[in-house]
Every structure is written in structure tokens, then in C-alpha cells.
Amino acid sequence: QLQLVESGGGLVQAGGSLRLSCAASGRIFSINAMGWYRVAPGKQRELVAAVRSGGSTNYAGSVKGRFTISRDNAKNAVYLQMNSLKPEDTAVYYCNVEHRYGIGSGYTNYWGQGTQVTVSS
């Protein structure tokens, strides 16, 4: 079973930076997309950023130019560098990984436990 462990959340002032990390462990065969989602108080979950196995990325419009997603395939890890943070970035951030256990198998989404990011004004 694949497991995801996140780290790097915390409290920061507006304009500050944080870096989130997520590492996959367990029985790993093939990881496709890796990404970060967030759930803000009173709001629905939204995609923040994702990176595919080929390296292509996409970002939510609200974070473009401020956040950068990257992955290290050798470590089965994904990172989110968050700069110029704003109070509206406050949310619980969840790592997401698409994984399959074999060629011909479908991909399954796995989720991290979530890490709190709080940006004070």
C-alpha cells in the first residue's frame, strides 16, 4: 500500500514563504501526476498545482507566479515552494498522487494527511 507523508506547513506572515514536501513510500510501481490541493475554511477543495510524470505543470490562477511545484522521481517526492504568501492562501494543503500497481492497471488517487498553512496579515 502506498503512503504519503507531508511536511512543511506552519504559520507565516503575509509576504513570507513556505515549502511543502510530500514523499511516497511503500510498494511503488508507477506514479503519474503528483499535486497539491487545498481546503480553505468554508470552501471546497481546489487544485493548487500539479506536475505530470513528463514534467508538465499546471497551476490555479490565484497562485501562478507565486508558487512553484517540482518533483524528484528518484525520491518519489513532490514539493511546493510558496512565495509571496497571502492570507487567502490559508488552508489545509493535501498532497495527491496518481499511482498504479502494474501496466494495464488503472490509476488510483492517494492522499496525504494534510498540513496546515496559516498566513497572517
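The values are calculated or read from the model by the stated rules, or taken from the named source; none is laboratory data. Everything quoted here is computed from the prediction, not taken from an experiment. With ideal geometry, Cβ positions are generated from the backbone for all residues, glycine too; neighbour counts draw on all protein chains shown. These area figures cover heavy atoms from the full protein model, side chains too; ligands, DNA and RNA do not enter into them. Shrake-Rupley method; radii C 1.70, N 1.55, O 1.52, S 1.80 Å.
When V12 is tested against (1) of a type in the set (A, V, I, L, M); (2) over 17 Å from T108 (Cα atoms); (3) surrounded by fewer than 16 Cβ atoms within 10 Å (Cβ to Cβ); (4) more than 15 Å from the chain's Cα centre (by Cα), just one condition goes unmet, and that condition is (3). Restricted to segment 104-118, and to residues there that are open to solvent by 70 Å² or more (accessible area, probe 1.4 Å) and in contact (Cβ under 8 Å) with a residue 60 or more places away in the chain, the residue that is nearest to M34 (Cα to Cα) is W111. Checking P41 against (1) at pLDDT 95 or above; (2) farther than 21 Å from R71 by Cα; (3) not polar (S, T, N, Q), which test does it fail? Unmet for P41, out of (1) at pLDDT 95 or above; (2) farther than 21 Å from R71 by Cα; (3) not polar (S, T, N, Q): (1). Residues in segment 6-31 that are basic (K, R) and not in a strand (DSSP E or B): R27 alone. For segment 57-97, a tally of residues being open to solvent by 50 Å² or more (accessible area, probe 1.4 Å), in contact (Cβ under 8 Å) with a residue 12 or more places away in the chain and over 28 Å from G15 (Cβ atoms) returns 2. Out of segment 88-121, which residues are in contact with a strand residue (DSSP E or B) (Cβ under 7 Å, 6 or more places away or on another chain) and in a loop (DSSP other than H, G, I, E, B)? Across segment 88-121, the qualifying residues are T90, G106, Y107, G112, Q113, G114. The criterion of being open to solvent by 40 Å² or more (accessible area, probe 1.4 Å) and more than 20 Å from Q1 (Cα to Cα) does not hold for S25.
Residues satisfying the criterion are present in segment 22-34 (criterion: more than 14 Å from T115 (Cα to Cα), free of Cβ contacts under 8 Å to residues at least 60 places away in the same chain and out of contact with any Leu (no Cβ under 6 Å at 6 or more places or on another chain)).
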